[in-house]
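Enquirer: Got a structure for you, written out below as structure tokens; questions coming shortly.
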């Protein structure tokens, strides 16, 4: 009266095939890490690298500030450089109005010809 269970091993369905070109080239195991590396490379070359280059150009321009240069500060004030002292710059924002700014507060060097 004992019934024994028969556990038959059925031939299971094969896993779904990944038809992406990368999966076919490298197999399914490497496609995710490869995609992550590819996405990081795209992010680096389209966003991070150009941003770093712009920052370096601005730092170089700010280090070469001289009297008479027109600048735009991070607070949106257009001014003319009166003198530069170390990490400070004295800017003229109007006739007889001079304000002392940190050099790092200069966001852009504005050419007088508008370029």
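The values are calculated or read from the model by the stated rules, or taken from the named source; none is laboratory data. Since we're looking at a predicted model, the values are computed, not measured. Cβ atoms come from the backbone with ideal geometry, glycine included; neighbour counts cover every protein chain shown.
Enquirer: Since residue 97 meets every condition but one in (1) over 25 Å from the mean Cα position of the chain (by Cα); (2) surrounded by 15 or more Cβ atoms within 10 Å (Cβ to Cβ); (3) at pLDDT 90 or above, which condition does it not meet?
Expert: Of the numbered conditions (1) over 25 Å from the mean Cα position of the chain (by Cα); (2) surrounded by 15 or more Cβ atoms within 10 Å (Cβ to Cβ); (3) at pLDDT 90 or above, the odd one out for residue 97 is (2).
Enquirer: Restricting the search to the range 59-74, which residues are surrounded by 14 or more Cβ atoms within 10 Å (Cβ to Cβ) and outside any loop (DSSP other than H, G, I, E, B)?
Expert: Passing the criteria: 61, 62, 70, 71, 72, 73.
Enquirer: Could you tell me whether any residue of the range 23-32 is more than 30 Å from residue 110 (Cβ to Cβ), part of a helix (DSSP H, G or I), at pLDDT below 90 and within 28 Å of the chain's Cα centre (by Cα)?
Expert: Yes - at least one qualifying residue is present in the range 23-32.
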